[in-house]
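Here's the structure we're looking at; comments come further down.
The values are calculated or read from the model by the stated rules, or taken from the named source; none is laboratory data. No experiment lies behind these values; they were computed from the predicted model shown. Note: ideal-geometry Cβ built from the backbone for every residue, glycine included; neighbour counts use all protein chains shown.
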Amino acid sequence: MAMINSGEILQTIRMIDQQHLDIRTVTMGISLLDCADADVQRCAEKIYDKITRSARDLVRTAEEIESELGIPIVNKRISVTPIALVGAACRSDSYVPLARAMDRAAADCGVNFIGGFSALVHKGATAADLTLIRSIPEALAETELVCASVNVGSTKSGINMDAVAEMGRVIRQTAALTADRGGFGCAKLVVFCNAVEDNPFMAGAFHGVGEPERAINVGVSGPGVVYHALQDMQGQPLDAVAETVKKTAFHITRVGQLVAQEASRRLGVPFGIVDLSLAPTPAVGDSVARILERMGLSTCGGHGTTAALALLNDAVKKGGVMASSSVGGLSGAFIPVSEDEGMIAAARKGVLRLDKLEAMTCVCSVGLDMIAIPGDTPASTISAIIADEAAIGMVNAKTTAVRLIPAPGMQVGDTVEFGGLLGTAPVMPVHAESAEAFIARGGRIPAPMQSLKN
Amino acid sequence: MRAIVTVIGKDAVGIIAGVCGLLAGQQVNILDISQTVMQEYFTMIMLVDTARCSLPFGELADELRAWGESRGLSVRIQHEDIFNAMHRI
């Protein structure tokens with residue numbers, strides 16, 4: 001082998017074979033701005049046509065790349081313009097028909113999720129934004145593949161607390177309408193602060209208005225590879241650990257860059273970004289929590305967890321950023337509880353709690369993610385959790401998100417099974433003390449100072 | 001296109017002959033081979049050229065995999081780009 005030596009070839013194969021290295025998602029962003037129509041049914045037809053026309057070769061092309069490079073591309077997905085913008089011209093009090101069109105288009109393209117049933121209301125809501133938000137519970141209950149998101153805050157504009165209050169109720173309604181499936185609808189609904197326009201990951205993906213007509217965005221994965229790389233680092237100082245994570249992240253991201261370039265070239269769609277993320281799966285050996293424990297914590301969620309995660313998150317970015325010509329999306333280690341075998345175990349033990357998860361989101365991507373809470377949690381408490389998380393994002397100028405599942409009829413100690421990549425969620429306790437009066441105030445939390453940063 | 005074929009598994013008589021025969025049958029040219037046996041564990045890496053291959057790449061990969069599985073071997077073919085991307089700047 002003139003170029004590549006045998007050791008390197010076998011290392012790559014071990015990463016794929018034994019350490020769960022994969023490309024988590026190839027997501028095509030599609031602008032639907034030209035689908036606006038006064039008639040909601042006509043708008044839905046245009047949406048269906050545009051998506052199926054734009055993405056008809058996406059799955060086949062991704063599968064070809066998968067086969068040629070010999071690396072799994074786990075998900076092929078589509079993100080679209082926030083539907084509140086597309087639907088604004090419709091004379092209709094519901095955008096559920098638009099969600100159905102997205103769902104049909106996604107199924108016909110063969111993708112496993114489509115994101116963008118979204119509204120951006122960080123400073124205030126238009127009539128269309130309110131129509132979209134009201135449509136979310138029914139839209140998520142009636143469709144399989146559609147994901148919804150609402151951006152309720154930003155560093156520049158503060159937090160829209162009316163929207164925060166409303167989202168608490170919307171999450172409860174969505175859970176109620178999908179109660180037969182453990183509140184599954186809520187697994188497809190994200191509430192953001194500082195949402196990004198080029199995120200390839202679900203459920204929060206949408207194709208922002210600053211994006212081109214179409215774009216290919218790729219999310220990489222690889223907690224298993226990082227975990228494995230730290231096997232030989234026992235007792236070494238943390239700067240050595242950080243160096244190893246960086247090198248590993250570089251390797252992982254290079255593959256993401258290659259896949260993104262190839263998909264972009266073959267589809268004739270501009271390459272957008274590679275999202276430098278450590279995205280866990282429920283599979284044993286593919287957990288972010290286990291990486292933190294390998295650094296020396298006895299259980300993820302104990303003291304030291306935030307520091308270990310800060311190191312991991314930063315090293316992943318430092319290693320990944322040189323490996324790709326264009327980095328974006330959410331870029332950081334994810335901590336979705338139900339999708340991470342080690343997080344599930346730590347939550348079951350009662351060591352990993354909501355308060356610690358909240359602290360962890362200060363130093364990583366993205367937020368309180370895929371967490372089941374008791375089904376009788378009041379809407380105002382859910383809103384208060386969203387407000388806390390949005391405040392962290394707003395003040396720290398980072399993206400934060402909340403994806404909570406108030407599992408109908410379930411209590412702490414119960415477990416919700418979502419199956420597949422969405423995993424298993426042990427129902428976690430929330431504080432019983434009420435935030436009702438705080439949330440009922442509504443209004444806005446003003447944008448924070450950007451100097452005097454203590 | 002240049003691709004890397006890897007064969008990993010327990011050593012046995014005729015592995016190289018079998019893989020080479022299969023590749024030759026599909027007009028795949030072998031450019032380089034390296035092979036070792038460590039503790040009865042057989043590892044062969046080939047650099048091949050598939051430009052004249054009669055099968056689509058995916059089907060060639062399936063055929064190699066199936067041939068390997070019938071003998072308890074892991075046999076795969078991957079575009080060399082993935083290794084270049086991962087290990088070379």
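Structural remarks
- Highlighted here are the strands (runs of 3 or more DSSP E) found entirely within the range A:370-434 that include at least 3 residues which are modelled with pLDDT of 95 or more and among the aliphatic types (A, V, I, L, M): A:400-407.
- Among the conditions (1) without any contact (Cβ under 8 Å) to a residue 60 or more places away in the chain; (2) outside any loop (DSSP other than H, G, I, E, B), residue A:272 misses just one, which is (1).
- You will find that of A:259, A:274, A:255, the residue that is in contact with a Ser or Thr (Cβ under 8 Å, 6 or more places away or on another chain) and within 14 Å of chain B (Cβ to nearest Cβ) is A:274 and no other.
- Residue, farthest from residue B:12 (Cα to Cα), within the range B:47-62, restricted to residues that are outside any helix (DSSP H, G or I), hydrophobic (A, V, I, L, M, F, W, C) and more than 8 Å from chain A (Cβ to nearest Cβ): B:51
- Whichever residue in the range A:52-82 is in contact (Cβ under 8 Å) with a residue 24 or more places away in the chain and farther than 30 Å from residue B:82 by Cβ and, among such residues, is nearest to the other protein chains (Cβ to nearest Cβ): A:52
- Of the residues examined, residue B:65 is one that is basic (Lys, Arg), more than 9 Å from chain A (Cβ to nearest Cβ) and under 13 Å from the mean Cα position of the chain (by Cα).
- Filter result for residue A:242 (surrounded by fewer than 24 Cβ atoms within 10 Å (Cβ to Cβ), modelled with pLDDT of 95 or more and not acidic (Asp, Glu)): yes
- Matching option when the condition is of a type in the set (A, V, I, L, M), facing chain A (nearest Cβ under 10 Å), surrounded by 12 or more Cβ atoms within 10 Å (Cβ to Cβ) and in contact with a helix residue (DSSP H, G or I) (Cβ under 7 Å, 6 or more places away or on another chain), among B:8, B:33, B:4: B:4
Residues are listed down the side, and each one gets a yes or a no for (1) within 14 Å of chain B (Cβ to nearest Cβ); (2) touching a Pro at 6+ places or on another chain (Cβ under 8 Å); (3) among the aliphatic types (A, V, I, L, M); (4) surrounded by fewer than 21 Cβ atoms within 10 Å (Cβ to Cβ):
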residue: A:10; (1), (2), (3), (4): yes, no, yes, yes
residue: A:17; (1), (2), (3), (4): yes, no, no, yes
residue: A:31; (1), (2), (3), (4): no, yes, no, yes
residue: A:37; (1), (2), (3), (4): no, no, no, yes
residue: A:92; (1), (2), (3), (4): no, no, no, yes
residue: A:108; (1), (2), (3), (4): no, no, no, yes
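- Selected residue (only one of B:89, B:45, B:77, B:8 is closer than 23 Å to residue A:16 by Cα and either among the hydroxyl-bearing types (Ser, Thr, Tyr) or over 14 Å from the mean Cα position of the chain (by Cα) (or both)): B:89
- From B:86, B:44, residue being within 11 Å of chain A (Cβ to nearest Cβ) and in a strand (DSSP E or B): B:44
- Looking across the range A:263-283, the residues that are surrounded by fewer than 24 Cβ atoms within 10 Å (Cβ to Cβ) and over 21 Å from residue A:365 (Cα atoms) come down to A:264, A:265, A:266, A:267, A:268, A:269, A:270, A:271.
- Condition met for residue A:210 (outside any helix (DSSP H, G or I), in the same structural domain as residue A:393 (by TED's automatic domain parsing), within 26 Å of residue A:153 (Cα to Cα) and small (Gly, Ala, Ser)): no
- Looking only at the range A:355-369, and only at residues there that are out of contact with any Leu (no Cβ under 7 Å at 6 or more places or on another chain) and of a type outside the set (D, E, K, R), the one that is surrounded by the most Cβ atoms within 10 Å (Cβ to Cβ): A:367
- Among the residues of this structure, residue A:86 counts as one that is in a helix (DSSP H, G or I), surrounded by 23 or more Cβ atoms within 10 Å (Cβ to Cβ) and either touching a Cys at 6+ places or on another chain (Cβ under 9 Å) or of a type in the set (Lys, Arg) (or both).
- Tally of residues being assigned to a loop (DSSP other than H, G, I, E, B) and either within 28 Å of residue A:305 (Cα to Cα) or not aliphatic (A, V, I, L, M) (or both) across the range A:241-269: 1
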